[in-house]
Amino acid sequence: MKKTFTFIVLLLTIKTFAQNNSKIAFQKSRYELAVSCYKKADFKKAIDLFYIASKIKPDNEIGIESLKKVDTLKTILREDIMTQALGTWKMIGDKPVWASNQTSNNPDKVSDEFVEITKTQILFFEKNKSTQEKKIIKTEDLVYYNGEESDSLFSNIILSDGTIWNCTINESSTELHVINLAKKGENGLEEIKTNNVERFYVRVK
């Protein structure tokens, strides 16, 4: 009986050791691929890979170094998207430019909707199509949303009503896409997984 018990313990030890080795090997492969992407300035791919590596074994050397890289890249990527986002954008609806007919969308609308983005604020306003009169709707502080500690999401912002929006801009910096991912309230974070509100904007200035 004692021999059987010892054998079982030995098997479990070997299995655990093998699993740990497998995890470490996978972590190392993600880290090395992340470093390769980083050297090629493919920062968006690199931050995702570093994040994966940091979560596999958070307390080992690779995990700690990966976490530092995530924070560094998040700062770089936020600076990049801010440079792209600065300016004035016109809302065209809930479909991208290629999928929408701008000449026929809401032809009876009296005003067009715009957002003006600075380094610290987002100004929402309307402009009358006929008179070109500008009416400010609201002003929001530009606040990045940091969810999980050192996560790889760098372009989420949170508004004063608690809604959290993911923002992306195309390579030519001519189209802005925002989608409502969640809302933070008194009861914590409520993720929105279906029927997410999304808006597309084109640059006008």
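Calculate, in nm to one decimal, what ASP108 and LYS134 gain on full extension: separation in residues at 0.36 nm each, minus their alpha carbon distance.
Values: separation 26, 0.36 × 26 = 9.36 nm, distance 1.81 nm.
Taking ASP108 through LYS134 to full extension adds about 7.6 nm, to one decimal.
For the range 131-205, what is Rg from Cα atoms divided by 2.2 N^0.38 Å, rounded to two decimals? Working it through for the range 131-205, the quotient is 1.26.
The range 56-205: percent of C-alpha pairs farther apart than 21 Å? Walk me through the numbers on the way to the answer.
Working: 5875 of 11175 pairs.
Pairs farther apart than 21 Å: 53 percent.
Going 7 Å from the Cα of ASP161 along its beta-carbon direction, which residues of the range 124-155 have the amide nitrogen within less than 19 Å of the resulting point? Zone members listed by number: 124-127, 135-145.
On a 22 Å Cα-Cα criterion, which of the cross-link pairs LYS28/LYS68; LYS68/LYS183; LYS40/LYS95; LYS40/LYS90; LYS44/LYS138; LYS127/LYS183 come out too long? If you can, show how the numbers build up before the last one.
Values: LYS28/LYS68 16 Å; LYS68/LYS183 28 Å; LYS40/LYS95 32 Å; LYS40/LYS90 34 Å; LYS44/LYS138 32 Å; LYS127/LYS183 29 Å.
Pairs exceeding the cut-off: LYS68/LYS183; LYS40/LYS95; LYS40/LYS90; LYS44/LYS138; LYS127/LYS183.
Evaluate E = 1/(1 + (r/R0)^6) for GLU190 and LYS119, where r is the Cβ-Cβ distance and R0 equals 30 Å; express this FRET efficiency to the nearest 0.05. Step by step, r from the Cβ atoms, then E = 0.55.
Coordinate-derived values only; no laboratory data. No experiment lies behind these values; they were computed from the predicted model shown. Please note: Cβ atoms are built from the backbone with ideal geometry, for glycine as well, and neighbour counts cover all protein chains shown.
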